[in-house]
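The structure appears below as structure tokens.
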Amino acid sequence: MSKIKISVIGCGYWGKNLVRNFSELGVLHSVCDSNAELAQKASQDYGVPSLTLEKVLKSDVSGVVIAAPAAQHYELAKKVLMADKHVFVEKPLALEVEDAKKLCKLAEDRGKVLMVGHLLQYHPAFLELKKLIQEGILGRLQYLYSNRLNLGKFRNEENILWSFAPHDISMILGLAGDLPESVYATGACHLNSNIQDVTTTHLSFKNGVHAHIFVSWLHPFKEQKLVVVGDRGMAVFDDGLPWDKKLQLYPHQINWVSGLPQASKAEAVCISIDTSEPLRLECQHFIDCIDHNRKSRTDGEEGLKVLQVLDAAQRSLHSKKNVSLNQEMLPYFLHETSIVDEGCSIGEGTKIWHFTHILKGTQIGENCVIGQNVMIGPDVIVGNRCKIQNNVSLYKGIVLEDGVFCGPSSVFTNVHTPRAEIERKNEFRETYVERGVTIGANATLVCGNRLGAYSLIGAGAVVTKDVKPHAVMVGNPAKQIGWVSHAGEKLGEDLVCPREGRRYQVSPEGYLVEANGNDTSFRKE
């Protein structure tokens, strides 16, 4: 008997089936549910203790299965992984893509199995269908469609897309072998004005494969069917049929006669498959992954991809527009109305908002925020954690160090005497903005100057010369009227920052330094 011990969190609608299977596999250690009545019934039925979550995490269980409401998946899975236990979480992995990424990273760092309950990936008929495709029986894939329809179970906490479609998305991604390039979803709300009862989701893949998923809980009969069409044959996985007919191969052919396609139909062939309960196979797979320290077939990365498609489909439902998933694979956010040219480098966590253009050769650091209607480049360098507000243009020859704030409509230049009809590209002058500088709204920076670290340029100021570190500059032309601390606070006569309590003094050379003499926030030529 396996030494693996499993605890199941959630003993309700679906959880009870997981409890049963892990008990029959001889590895059920305990159950847990916020509903004491459900937990007690499972405890009595299967002869295992009912524990609190805290006790489960402190116990010697090897793995934890989460069958709680979807909104709880992320926090529960995170706690389980932090307790150094393997986790099997029912679909979806999380409700937010970023949360799913965090779980994948945490599982990798902890060396733990993270498995998602995409049940149909373990169905013998689907596994045989996947084998047919891999062996080339169907030829090149052309399109796939999936119907998952029924009358009920109606839900108030999630729409039909999130309730029914994850299984179909998982299967289609597994057969197509990649994320789609774009997703378009439509739906309708009939029973509840805020919850879609019916959705149709269209997926377009880079290799030319197309797929659509039709799901509804407002349908006169139950149907669970996946159709796969290739250029050499077709197959249907119909889970509503008896086992000997669940998977059928249609070796139809399309012949071209005088330049026109004509169908050559053939009799369906029933494919023999094992009659094993998919849930039992899924549960056994989790045990085997723990036992042999290997990744699950439906690991966290697979769950993340399904969630990315779900998230894109949900956004498409709201916007009624096609949603590109190319940006889903980027380490930064790019609004659909913005453009990043080839040859640019954009750091992780950066957000680029509406109607912005990043030109070739530009380097932008991590965790920056680029506002609306911004133009940067070519060959501009922007450091980490910068904020560039709306209507700002950064031209060639401009460098921003880390933590620079450019206020709305602040103006940079790169030529002293521009003429529309005279080429002056060889006269570009550099503007260098050091770390932590704040540039106020509508300020103008004449090119060829250097702004010292942590200086503050007032709104509407016109800078015509170099600026000392920590200087406060206002007016036209801008003049220094005082000093500002690292935290951006105006310093009084005592030169003490009212926010951080840092103490400063003015050096004999006329620069602001910390009173301990350790300030390194400025450079002198």
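The values are calculated or read from the model by the stated rules, or taken from the named source; none is laboratory data. Quick caveat, the model's predicted, so the values are computed rather than measured. All Cβ positions, even for glycine, are placed from backbone atoms using ideal geometry, and neighbour counts span all protein chains on display. Just so you know, the surface numbers come from the protein's heavy atoms only, side chains and all, with ligands and any DNA or RNA stripped out. Shrake-Rupley method; radii C 1.70, N 1.55, O 1.52, S 1.80 Å.
How many Å² of accessible area per residue for the chain, probe 1.4 Å?
48 Å²
Could you size up the charge dipole of region 366-525 around its Cα centre, putting +1 on the beta carbon of Lys and Arg and -1 on that of Asp and Glu, and report it in debye to the nearest 20? Let's see the in-between values first.
On the way: 18 positive and 18 negative charges, 48 e Å.
Computed charge dipole of region 366-525: roughly 240 debye.
Please give me, ordered by residue number, the chymotrypsin sites (Phe, Trp or Tyr not before Pro) of region 123-190 that lie in loop per DSSP and have at most 14 other Cβ atoms within 10 Å. Walk me through the intermediate numbers first.
Details: sites: Phe126, Tyr143, Tyr145, Phe154, Trp162, Phe164, Tyr184; in loops: Phe154.
In loop regions of region 123-190 (DSSP not H, G, I, E or B), the sparsely surrounded chymotrypsin sites (Phe, Trp or Tyr not before Pro) are Phe154.
Angle between the Cα long axis of helix 160-176 and the longest principal axis of the chain, 0 to 90 degrees, nearest 10?
Helix 160-176 sits roughly 90 degrees off the main axis of the chain.
Say each of Arg424 and Asp109 gets a label point 7 Å from the Cα, pointing the same way as Cα to Cβ; how far apart are those two points in nm?
Here the answer is 5.1 nm between the modelled labels.
Evaluate E = 1/(1 + (r/R0)^6) for Gln505 and Asn367, where r is the Cβ-Cβ distance and R0 equals 35 Å; express this FRET efficiency to the nearest 0.05. Don't jump to the answer; show the numbers that get you there.
Numbers: r = 33 Å, r/R0 = 0.94.
Calculated value: 0.60.
Counting only DSSP beta bridges with both residues in region 399-525, tell me the antiparallel percent, nearest 5.
40 percent
Under a plain spin-label model, where a point goes 7 Å from the Cα along Cα-to-Cβ, how far apart in nm are Lys131 and Lys3?
Output for this residue pair reads 3.3 nm.
Which residues does a label at His318 reach in region 359-380, if reach means a backbone N under 20 Å from a point 7 Å past the Cα toward the Cβ?
370-372
Using DSSP to define loop residues, name the GluC sites (Glu not before Pro) in region 147-223 whose beta-carbon has at most 10 other beta-carbon atoms within 10 Å.
Working: sites: Glu157, Glu158, Glu181, Glu223; in loops: Glu157, Glu158, Glu181.
Answer in residue order: Glu157.
Need the full-extension length gain, Asp466 to Ser345, defined as separation in residues times 0.36 nm minus the C-alpha distance. One decimal, nm.
40.7 nm
With Cβ to Cβ distances under 10 Å as the rule, what net charge do the other residues near Val31 carry (K, R +1; D, E -1)?
Summing Lys and Arg as +1 and Asp and Glu as -1 gives 0.
Enter the angle in degrees (range 0 to 90, nearest 10) between the Cα long axis of helix 36-46 and the first principal axis of the Cα atoms of the chain, meaning the one along which they spread out most.
That helix lies at roughly 50 degrees to the long axis.
What's the local net charge at Val80, with K and R +1, D and E -1, over the other residues with C-beta under 11 Å away?
Every neighbour counted, the sum reads +3.
Exactly which trypsin sites (Lys or Arg not before Pro) in region 314-346 are in a DSSP loop and have at most 14 other Cβ atoms within 10 Å?
Numbers: sites: Arg315, Lys320, Lys321; in loops: Lys320, Lys321.
Hits after loop and neighbour filter: Lys320, Lys321.
Answer with one residue from His318, Leu359, Gly371: the one whose Cα lies farthest towards the positive end of the charge dipole of region 318-435, charges on Cβ with Lys, Arg +1 and Asp, Glu -1.
His318
Here are some values of Rg and Dmax of the Cα atoms in Å: [x] 30.3, 96; [y] 22.6, 69; [z] 24.5, 83. Which one was computed from this structure?
Of the listed options [x] 30.3, 96; [y] 22.6, 69; [z] 24.5, 83, [x] comes from this structure.
Note down the magnitude of the dipole of the chain about its Cα centre, charges +1 on Lys and Arg C-beta and -1 on Asp and Glu C-beta and zero elsewhere, to the nearest 20 debye.
About 260 debye.
From the backbone phi of region 441-446, what are the Karplus-calculated ³J(HN,Hα) couplings (6.51 cos²θ - 1.76 cosθ + 1.60, θ = phi - 60°) in whole Hz, Gly and Pro given as x?
Using θ = phi - 60°, the values come out as 4, 6, 5, 10, 10, 5 Hz.
How much of the DSSP bridge set in the chain is antiparallel, in percent, rounded to the nearest 5?
Of all bridge pairs located within the chain, approximately 45 percent are antiparallel.
Using a 1.4 angstrom probe on heavy atoms only, work out the carbon and sulfur share of the accessible area of the chain in %. Walk me through the numbers before you get to the answer.
Numbers: 12370 of 25440 Å².
Using a 1.4 Å probe with all protein chains present, the chain comes out at 49 percent carbon and sulfur.
Once fully extended, how much extra length lies between Gln44 and Arg280, figured as 0.36 nm per residue of separation less the alpha-carbon to alpha-carbon distance?
On the way: separation 236, 0.36 × 236 = 84.96 nm, distance 2.15 nm.
Result for the pair: 82.8 nm of gain on full extension.
If you take the square roots of the eigenvalues of the alpha-carbon gyration tensor of region 51-210 and sort them as a ≥ b ≥ c, do you get rounded (a/c under 1.5), prolate (a/b over b/c) or oblate? Walk me through the numbers on the way to the answer.
Working: a/c = 2.12, a/b = 1.36, b/c = 1.56.
Oblate, because a/c is 1.5 or more while a/b does not exceed b/c.
At a Förster radius of 25 Å, what calculated FRET efficiency corresponds to the Cβ-Cβ distance of Glu96 and Arg294, to the nearest 0.05?
That pair, Glu96 with Arg294, gives E of 0.35.
Filter the cross-link list Lys78/Lys105; Lys91/Lys295; Lys3/Lys41; Lys101/Lys131; Lys58/Lys112 down to pairs whose alpha-carbon distance in this structure exceeds 19 Å.
Beyond 19 Å between Cα atoms: Lys3/Lys41; Lys101/Lys131.
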